[in-house]
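Chemist: I am attaching a structure below and will ask some questions about it afterwards.
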There are 4 protein chains.
Amino acid sequence: MNTFGRYLKVTTFGESHGPMMGAVLDGLPANLPIVPVVIAAELARRRPAGDAVSTSRIEPDEFQIVSGLVDGRTTGSPLTILIPNVAQNSHEYQDIADIFRPGHGDLGWYHKYGTMPGPGGGRLSGRETVARVAAGAIVKNILKEQGITIFGYTKQIGAICAEDYQREFIEQNPYRLPDRAAARQAEKLIADLRAAGDTIGGQVVIMAENVPAGWGSPIFDKLDATIGQAMFSIGAVKGVLFGDGLSLATMRGSESNDQMGPAGPLTNHAGGIVGGLSNGAPIVVTLLVKAPPSIALTQKTINTKGNPGEITIKGRHDCCLCPRIIPVAEAMLALTLFDAFLERKSA
Amino acid sequence: MNTFGRYLKVTTFGESHGPMMGAVLDGLPANLPIVPVVIAAELARRRPAGDAVSTSRIEPDEFQIVSGLVDGRTTGSPLTILIPNVAQNSHEYQDIADIFRPGHGDLGWYHKYGTMPGPGGGRLSGRETVARVAAGAIVKNILKEQGITIFGYTKQIGAICAEDYQREFIEQNPYRLPDRAAARQAEKLIADLRAAGDTIGGQVVIMAENVPAGWGSPIFDKLDATIGQAMFSIGAVKGVLFGDGLSLATMRGSESNDQMGPAGPLTNHAGGIVGGLSNGAPIVVTLLVKAPPSIALTQKTINTKGNPGEITIKGRHDCCLCPRIIPVAEAMLALTLFDAFLERKSA
Amino acid sequence: MNTFGRYLKVTTFGESHGPMMGAVLDGLPANLPIVPVVIAAELARRRPAGDAVSTSRIEPDEFQIVSGLVDGRTTGSPLTILIPNVAQNSHEYQDIADIFRPGHGDLGWYHKYGTMPGPGGGRLSGRETVARVAAGAIVKNILKEQGITIFGYTKQIGAICAEDYQREFIEQNPYRLPDRAAARQAEKLIADLRAAGDTIGGQVVIMAENVPAGWGSPIFDKLDATIGQAMFSIGAVKGVLFGDGLSLATMRGSESNDQMGPAGPLTNHAGGIVGGLSNGAPIVVTLLVKAPPSIALTQKTINTKGNPGEITIKGRHDCCLCPRIIPVAEAMLALTLFDAFLERKSA
Amino acid sequence: MNTFGRYLKVTTFGESHGPMMGAVLDGLPANLPIVPVVIAAELARRRPAGDAVSTSRIEPDEFQIVSGLVDGRTTGSPLTILIPNVAQNSHEYQDIADIFRPGHGDLGWYHKYGTMPGPGGGRLSGRETVARVAAGAIVKNILKEQGITIFGYTKQIGAICAEDYQREFIEQNPYRLPDRAAARQAEKLIADLRAAGDTIGGQVVIMAENVPAGWGSPIFDKLDATIGQAMFSIGAVKGVLFGDGLSLATMRGSESNDQMGPAGPLTNHAGGIVGGLSNGAPIVVTLLVKAPPSIALTQKTINTKGNPGEITIKGRHDCCLCPRIIPVAEAMLALTLFDAFLERKSA
């Protein structure tokens, strides 16, 4: 379904080439401040920057809040955000209307619904995430007022890994890399890929600082389980790792256990979540991001009749999703944590 | 909460040292065959084998189905399985009743509920998974009758990686490794760790073959998202990766896209799920399993009053969770896929 | 929360004096036809007719479907309907902004949310039901294509009871009475009440014909239980009765049991639902509708500070809710039945 | 499904002639006291008293709490209650195994599940409510500690109406009538019905005192809507009315509005709920209870093959459900109010 969350239910709607995208947030407590400029700022972070790494479809994302808001504060009723689509171009998709694009969900969609997802990928489009970012911006800001900071950065693009960590540099480069040298390498890599009509994968890290201990649940709704669902609900995320990630496979218990002192855990190998519950250490989650599947190279595929053929995808698409996925993943982490916060209140 | 699934709702209950564990399955269609011997076999696969790798607490797991079953078939009403606990030994836990065990959820639990989880970890114990395996065995068998096969194996224990793949060997060694040489290495590693009072992490692979295309949902309930939640709901799982996993970070779109022919995808880099929907290829998910946190070595920690101290955990615990986590993960995958199957029927 | 249904989830949003009302329908199967003129017709049935019985706030209800629809058919993605508000007049409410209106939910709202519901009752306004009627019109039409007919009529207004039953007359008079003589009496009663600044209660009957046997569930989600929730979710409904209603209190089992023959139940005392499951007979539900609480007479009340005072409500409001509640109740019955239909498909 | 509640989820299981009935309560806050003797007392109130009005199947209802309880207090984990069945007698049902009993849900069950519900009505049996009463007893007691009192009485049995109201007399007579004269009349009526092999309907009133204002929700989960669902989920309830009930149909707004003073509502025509939210006045709900359908008289019916025939139901069944439905309805009201209480905490 199209709803996320159990206490704060966020429902998104809209297709890539329809008139608008939108989100309904049901379960926001009353009297919380909504700051439109903060929402706009997050939407701007998600928006392609006009550089080589991202798509050239740039939407203004001029949103409107049409319910649930009075005098800048929530009312307790559903808050609805509408974000018009203005820059869609369906002509690019006419030639491939019945052909399954490799790496996209077209084939699965067709088997499930009996139709193609429509121009621009319809509901499957990354455009859908604009509604998540708008919804996430609201709760991210509320959490921020409680002292909880959520942010992310690119750890790896292809073979280029961030070795240095300059936090203030993250938002100063189009790759959201925290490493100046890596950013220079990435610029060249992206240019080469653009020229080749190809794309590249990578990894991003998303963090939440100052989450109190005891958020989450011990069994099926473990905090890492709900964060896991949230992250895998973002297209192109093919892996989710907490804390030290793959290194944990080769670590002994005596190495990977986070021993504790009066001030909290002495290490953070677990990434802030143990037994499904936050332990007060920063939540650290790494996302494995596959290369964008829309490439200019010719690929083998089939159409809805099962006939084989080839496809060449036109238009300019994202070359690497890492930088643009960060605000989306931050939004999903914010929504997940806010839900855990409301759950704590009711228990 | 303690319920998993949206169409088939599985609720588990019970504490490690309480009288019994149990599961209620609500949403099973009527007239499906239940085969007790199949449930018993799955419980046996989860049970410690009396070897070095696993805990020496061995429960007979003699289950009873007390509702929802008539003449060996489901009735459409909730099916309840009770599994008595008989081998618990609470004395081992008396000395550490108010001390947070590193690597366990004790601290988070205490912050959430205001009490300690109780002897043997109470509800946080791995014993809880016996109810999942029983529930999963039922649907795994129903899926099997539809031709869907679910199985798993250990890919890595510490630095030991399975290089060979002998499928029939998996269930013939206590590590569930598909590689005879690796199993021999593992035997030595486990013996050394036992001697040292330490434990080790690893990786397992879980697969589902013959899942039809079009299962799952395109947005928040993507099939990989619900599988992700299912897998992270298993204690000790700190990472979930689909298909080629980490390799996808360095792959180009032209490499990672699964091109298609009339017979299906030509490759399976994506692990059987694209755009949140199955594509007909085998579902392949890799789990990163941390080392069991109960170690015999002395560790720094604090108690419920915040006072620092040390803890040494007595008793024999699992030395590596990989082999025993496999039937649990298979059960969770079965429950997730069965839910997706029911969702397809209603749509 | 603001969502109804378990398989088809309908979320409504919007406040009486906000820019628009809306509904998101998530869970509609793909490829169902949506007929805008049918939606418009249902909205017209709900709209005040400009006569004495109803409010004089008349909205054009020019709706827009902004997602989930391609070429007149559902896509399987959330279908969103927006209905602008254009005729609101907040000035009427300025004098009573902090005074609890008797018979309205203002006091409860203030205790729950810490604020007043806002001009026109905000989210508490009957205007909210326009979104339900739009959503219900869609599924009512789909059910109609399956042969299931849903309709309603006014059974009683104050002391005036429908004695005659002319089905075709129902939609020909502003009271939706099936009895010409009663309609003439009602005209006079309403005129008198208008002159007195007062309002009146009544009863309506809602029916669904040709619902197959076996819809519903046997325990908490009994079909009468979900219909009951649906009906009580309509403001002003203070009673819900199935079949013979109050007469059942004095009937013996030998009288109230519906005996059966090969063609179905021989009587319909139960109103089409037995044991929480439909039995193939028409579903018959009677709603007790209280008098509209907005009256021109002076009433004692308190304000948000707890200070006593008086209130006189200006503007023209509905004089009797029976006729306008019928399309709303039909919509809620349609949504409930459609949910039961989808549940049957998944089981 | 078999789960009630959104914050406190109560799942019941078990069939009339199976080994046991049970309930899992998930969502109980930690550290609440559980008093077994209170649960036993409520089960005793539901148990047939060995008099003429009720069935002669008397179960000891010796329950066991097998999870979620430590040292007499909740742990925050699911609390499971098991109640063995010991007095079932399936022989009585062998002759009618494939015949639809009029007034029971057999026909609907058969259409839904493809099988008969089983001996004693299986899951459809009134025996199912024992699990509700056990679960309700827990939260009823917690609410009582908050000052909220829930109780009920019989208002009418057949044509016999309670004219007097002696609260202390309610639990002193087998009919739970608050009127000594009416109880004497009822005794004679029941004796006559027993002799005739027939049964009778009636009405009961359920009340909750001291519910704070502001519980409930304004739209679909109105407090009256969730109470309505709860009450209609009890077999034999065919009508639910709040406050003044049917009288509201003929009342003017100036009569039915509850005007307010500083101490609260000046009247309680609405039954304590306005706009879906509690207003601080006692919650008053009247249930219309149909006659028990199991009668000794011969009735026309069909079997699973659609062939017509007759049925005569053996054994002793309840003659009027009013007295025994009261503790069940109190339990359902308690569960509904507790859910609303938890919802208030999270908002």
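The values are calculated or read from the model by the stated rules, or taken from the named source; none is laboratory data. On a predicted model such as this, the values are computed, not experimentally measured, just so you know. Glycine also receives a Cβ, built like all others from the backbone with ideal geometry; neighbour counts cover every protein chain displayed. Side chains are part of the model used for accessible areas, which takes the heavy atoms of the whole protein and leaves out ligands, DNA and RNA. Shrake-Rupley method; radii C 1.70, N 1.55, O 1.52, S 1.80 Å.
Chemist: Return yes or no: is residue D:345 within 14 Å of chain A (Cβ to nearest Cβ), modelled with pLDDT under 95 and more than 13 Å from residue D:102 (Cα to Cα)?
Modeler: Criteria met by residue D:345.
Chemist: Going through segment C:163-174 one residue at a time, which ones are assigned to a loop (DSSP other than H, G, I, E, B), under 26 Å from residue C:140 (Cα atoms) and free of Cβ contacts under 8 Å to residues at least 60 places away in the same chain?
Modeler: Across segment C:163-174, the qualifying residues are C:165, C:166, C:173.
Chemist: Can you name the residue in segment B:27-38 that is hydrophobic (A, V, I, L, M, F, W, C) and open to solvent by less than 20 Å² (accessible area, probe 1.4 Å) and, of all such residues, is nearest to residue D:111 (Cα to Cα)?
Modeler: Only one residue fits best here, namely B:28.
Chemist: Limited to segment C:251-277, what total is found for residues that are facing chain D (nearest Cβ under 7 Å), in contact with a strand residue (DSSP E or B) (Cβ under 6 Å, 6 or more places away or on another chain) and surrounded by 22 or more Cβ atoms within 10 Å (Cβ to Cβ)?
Modeler: Count: 4.
Chemist: Which residues, counting only those in segment D:169-198, are closer than 13 Å to residue D:159 by Cα and in contact with a helix residue (DSSP H, G or I) (Cβ under 8 Å, 6 or more places away or on another chain)?
Modeler: D:183
Chemist: Looking at (1) modelled with pLDDT under 95; (2) among the hydrophobic types (A, V, I, L, M, F, W, C); (3) within 17 Å of the chain's Cα centre (by Cα), can you tell me which one residue D:97 breaks?
Modeler: (3)
Chemist: With B:288, B:248 as the choices, which residue is assigned to a helix (DSSP H, G or I), at the interface with chain A (Cβ under 8 Å from one of its Cβ atoms), open to solvent by less than 30 Å² (accessible area, probe 1.4 Å) and closer than 30 Å to residue B:147 by Cα?
Modeler: Exactly one of B:288, B:248 is assigned to a helix (DSSP H, G or I), at the interface with chain A (Cβ under 8 Å from one of its Cβ atoms), open to solvent by less than 30 Å² (accessible area, probe 1.4 Å) and closer than 30 Å to residue B:147 by Cα, namely B:248.
Chemist: Restricting the search to segment D:301-324, which residues are outside any loop (DSSP other than H, G, I, E, B) and open to solvent by 10 Å² or more (accessible area, probe 1.4 Å)?
Modeler: Result: D:302, D:303, D:308, D:309, D:310, D:324.
Chemist: Filter segment A:217-236 for residues that are in contact with a strand residue (DSSP E or B) (Cβ under 8 Å, 6 or more places away or on another chain) and either within 7 Å of chain B (Cβ to nearest Cβ) or polar (S, T, N, Q) (or both) and give the result.
Modeler: Result: A:217, A:218, A:219, A:220, A:222, A:224, A:226, A:228, A:232, A:233.
Chemist: Something else about it: Show me the strands (runs of 3 or more DSSP E) entirely contained within segment A:1-98 in which 3 or more residues are aliphatic (A, V, I, L, M) and closer than 30 Å to residue C:119 by Cβ.
Modeler: Correct list: A:20-26, A:79-84.
Chemist: Could you tell me whether any residue of segment C:188-198 is open to solvent by 20 Å² or more (accessible area, probe 1.4 Å), closer than 18 Å to residue C:332 by Cβ and in contact with a strand residue (DSSP E or B) (Cβ under 7 Å, 6 or more places away or on another chain)?
Modeler: No, every residue in segment C:188-198 fails to be open to solvent by 20 Å² or more (accessible area, probe 1.4 Å), closer than 18 Å to residue C:332 by Cβ and in contact with a strand residue (DSSP E or B) (Cβ under 7 Å, 6 or more places away or on another chain).
Chemist: Among the residues of segment B:184-195, write down those that are aliphatic (A, V, I, L, M) and without any contact (Cβ under 8 Å) to a residue 24 or more places away in the chain.
Modeler: Selection gives B:195 alone.
Okay, residues lined up against (1) over 23 Å from residue D:238 (Cβ atoms); (2) without any contact (Cβ under 8 Å) to a residue 40 or more places away in the chain:
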residue	(1), (2)
C:305	yes, no
C:311	yes, no
C:316	yes, no
C:321	yes, no
C:327	yes, no
C:336	no, no
C:347	yes, yes
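Chemist: Now for a separate question. Would you mind telling me which numbered condition in (1) open to solvent by 30 Å² or more (accessible area, probe 1.4 Å); (2) more than 7 Å from every other protein chain (Cβ to nearest Cβ) residue D:283 fails?
Modeler: (1)
Chemist: Follow-up. Regarding segment C:260-279, can at least one residue be identified that is farther than 30 Å from residue D:298 by Cα, modelled with pLDDT of 95 or more, of a type in the set (A, V, I, L, M) and in a strand (DSSP E or B)?
Modeler: no
Chemist: Contact list please: Cβ distance under 7 Å, first residue in segment D:138-152 and open to solvent by 10 Å² or more (accessible area, probe 1.4 Å), second residue in a loop (DSSP other than H, G, I, E, B), pairs at least six apart or on different chains.
Modeler: Close Cβ pairs satisfying both conditions: D:141/D:35; D:142/D:32; D:147/D:210; D:149/D:210.
Chemist: Further, regarding this structure: Kindly list, by first and then second residue, each pair from a residue in segment B:18-34 that is at positive phi to a residue that is open to solvent by 10 Å² or more (accessible area, probe 1.4 Å) and among the charged types (D, E, K, R), limited to pairs with Cβ atoms under 6 Å and residues at least 6 apart or on different chains.
Modeler: Within 6 Å, the pairs are B:27/B:9; B:31/B:73.
Chemist: So which of D:191, D:182, D:208, D:195 is more than 14 Å from the chain's Cα centre (by Cα), among the small types (Gly, Ala, Ser) and in a strand (DSSP E or B)?
Modeler: Selected residue: D:208, the only one of D:191, D:182, D:208, D:195 that is more than 14 Å from the chain's Cα centre (by Cα), among the small types (Gly, Ala, Ser) and in a strand (DSSP E or B).
For every residue, the table says whether it meets (1) within 9 Å of chain B (Cβ to nearest Cβ); (2) open to solvent by 10 Å² or more (accessible area, probe 1.4 Å); (3) among the aliphatic types (A, V, I, L, M).
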position	(1), (2), (3)
D:5	no, yes, no
D:14	yes, no, no
D:25	no, no, yes
D:40	no, yes, yes
D:55	no, yes, no
D:60	no, yes, no
D:63	no, yes, no
D:66	yes, no, yes
D:78	yes, no, no
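Chemist: Among the numbered criteria (1) closer than 23 Å to residue C:78 by Cα; (2) open to solvent by less than 30 Å² (accessible area, probe 1.4 Å), which single criterion is violated by residue A:98?
Modeler: (2)
Chemist: For the structure I just gave you, tell me whether residue A:344 is open to solvent by 40 Å² or more (accessible area, probe 1.4 Å) and under 22 Å from the mean Cα position of the chain (by Cα).
Modeler: Here the answer is no, as residue A:344 does not meet what is asked.
Chemist: Another question about this same structure. When residue B:297 is evaluated against the numbered criteria (1) assigned to a loop (DSSP other than H, G, I, E, B); (2) more than 8 Å from chain A (Cβ to nearest Cβ); (3) open to solvent by 20 Å² or more (accessible area, probe 1.4 Å), which criterion, by number, is the only one it fails?
Modeler: It fails just one condition, (2).
Chemist: Residue by residue through segment A:106-131, note down the ones that are open to solvent by 40 Å² or more (accessible area, probe 1.4 Å), touching a residue at least 12 places away in the same chain (Cβ under 8 Å) and facing another protein chain (nearest Cβ under 7 Å).
Modeler: Of everything in segment A:106-131, just one residue is open to solvent by 40 Å² or more (accessible area, probe 1.4 Å), touching a residue at least 12 places away in the same chain (Cβ under 8 Å) and facing another protein chain (nearest Cβ under 7 Å), namely A:124.
Chemist: Please enumerate the residues belonging to segment A:80-95 that are of a type in the set (Ser, Thr, Tyr), surrounded by fewer than 24 Cβ atoms within 10 Å (Cβ to Cβ) and more than 25 Å from residue B:258 (Cβ to Cβ).
Modeler: Of everything in segment A:80-95, just one residue is of a type in the set (Ser, Thr, Tyr), surrounded by fewer than 24 Cβ atoms within 10 Å (Cβ to Cβ) and more than 25 Å from residue B:258 (Cβ to Cβ), namely A:90.
Chemist: Facing chain C (nearest Cβ under 7 Å) and touching a residue at least 40 places away in the same chain (Cβ under 8 Å), is that true of residue D:200?
Modeler: yes
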